[in-house]
Amino acid sequence: MSSNPDFSDFFYAAPDGLQLHARIYGEADSGNWPVVCLPGLTRNARDFHQLALYLSTRVKHTRKVIVFDYRGRGESARDPDAANYNVGVEAGDALAGLAALGIEEAAFIGTSRGGLIIHVLGMIRPAILKAIVFNDIGPVLEAAGLAHIQSYLERTPTPKTFAQAVDAQRRVHGADFPALTDSDWERMVSALYHLTDGGLMPDFDPRLADAVANLDLTQPLPSLWPQFDALAAIPLLAIRGANSKLFSVETLREMQKRHPAMEAITVEGQGHAPFLETGDLPDNIATFLDRAEQLS
């Protein structure tokens, strides 16, 4: 395990032997539930940096925070078999990492694909889930949102400079995120890209885009309502971007009907998926986790 002033890099072996990576914030055992953060489809641990710092150092009830890079993203190795880029394998990878760290239960925060992985964990290892935060994800994925993801993955830019990367992201996502500041966009680009000799490159295996490109959006998409219903006894906070195309208001309302104790936040001026370090979200998440633990 190597060290950084803010976190430690933890490398471990997946069940199939692939080397995977996680960031560990807050080394000391605070006695509070640890928090596991799971990023979106093509994203990585850097997305959670500011939130992880907040939860591990800047609140009264500090927590150890574990943020995973899935296989093929960030500092984790790319898989020679692209078929392994699926939520079932990635759920198993997360469990392997937590086992290597000796963590048997935790609160989980899942952005987009991370939330789908949490649905899977609820079926295969429900006891590990002490509380859940879903960031712009639910049991139903809207075809319009997936089409938007298909569109921008097909045209993923390879900018030469940081400024060009910021401009490219604003052109693609700006209409859905009018609330973001210049520093928010810059932070997004710093998390998404890595520097190569040819310029900035998205920090994920490009074969990930193939799985999304091959989705037939003319057919009804399967839902995860049975998996969601299995989470009924677990404290749950759902965060939705007001401009989200992937996570609909109707799905959020149905989730509240099925899980009446579920808390919900709508983030104005943001789409899929809200930046969890912005506005009151860090405090809202920390307060939710504290309340859930106190009531457990």
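For the reader, a short list of remarks on this structure follows.
- Test: residue in the stretch 74-81 that is farther than 17 Å from residue 273 by Cβ, out of contact with any Leu (no Cβ under 6 Å at 6 or more places or on another chain), without any contact (Cβ under 8 Å) to a residue 12 or more places away in the chain and of a type outside the set (Asp, Glu): yes
- Meets criteria (within 21 Å of residue 219 (Cβ to Cβ) and surrounded by fewer than 24 Cβ atoms within 10 Å (Cβ to Cβ)) for residue 100: no
- Residue that is without any contact (Cβ under 8 Å) to a residue 60 or more places away in the chain and outside any strand (DSSP E or B), where the choices are 151, 190: 151
- Residues that are over 19 Å from residue 292 (Cα atoms) and touching a Lys or Arg at 6+ places or on another chain (Cβ under 8 Å), drawn from the stretch 96-111: 111
- Single match in 211, 175, 179, 163 (criterion: surrounded by fewer than 19 Cβ atoms within 10 Å (Cβ to Cβ) and either more than 25 Å from residue 278 (Cα to Cα) or at pLDDT below 90 (or both)): 211
- Residue satisfying condition, being closer than 23 Å to residue 115 by Cβ and in contact with a Lys or Arg (Cβ under 9 Å, 6 or more places away or on another chain), within set 184, 176: 176
- Residues that are farther than 16 Å from residue 203 by Cβ and under 13 Å from the mean Cα position of the chain (by Cα) were ranked within the stretch 66-89; the one that is modelled with the lowest pLDDT is 87.
- Options 230, 261, 292, 242; residue that is touching a helix residue (DSSP H, G or I) at 6+ places or on another chain (Cβ under 7 Å) and either surrounded by fewer than 18 Cβ atoms within 10 Å (Cβ to Cβ) or touching a residue at least 12 places away in the same chain (Cβ under 8 Å) (or both): 230
- Filter pass, residue 219 being at pLDDT below 95, more than 17 Å from residue 159 (Cα to Cα) and either surrounded by fewer than 15 Cβ atoms within 10 Å (Cβ to Cβ) or not aliphatic (A, V, I, L, M) (or both): yes
- The residues in the stretch 193-208 that are of a type in the set (D, E, K, R) and exposed (fewer than 13 other Cβ atoms within 10 Å of the Cβ) can be counted, and the count is 1.
- The residue that is surrounded by the most Cβ atoms within 10 Å (Cβ to Cβ), counting only those in the stretch 1-25 that are at pLDDT below 95 and part of a loop (DSSP other than H, G, I, E, B), is 6.
- Condition broken by residue 159, with the remaining ones in (1) in a helix (DSSP H, G or I); (2) over 30 Å from residue 235 (Cβ atoms); (3) of a type outside the set (Ser, Thr, Tyr) satisfied: (1)
The values are calculated or read from the model by the stated rules, or taken from the named source; none is laboratory data. Keep in mind the model is a prediction, meaning the values are calculated, not measured. All Cβ positions, even for glycine, are placed from backbone atoms using ideal geometry, and neighbour counts span all protein chains on display.
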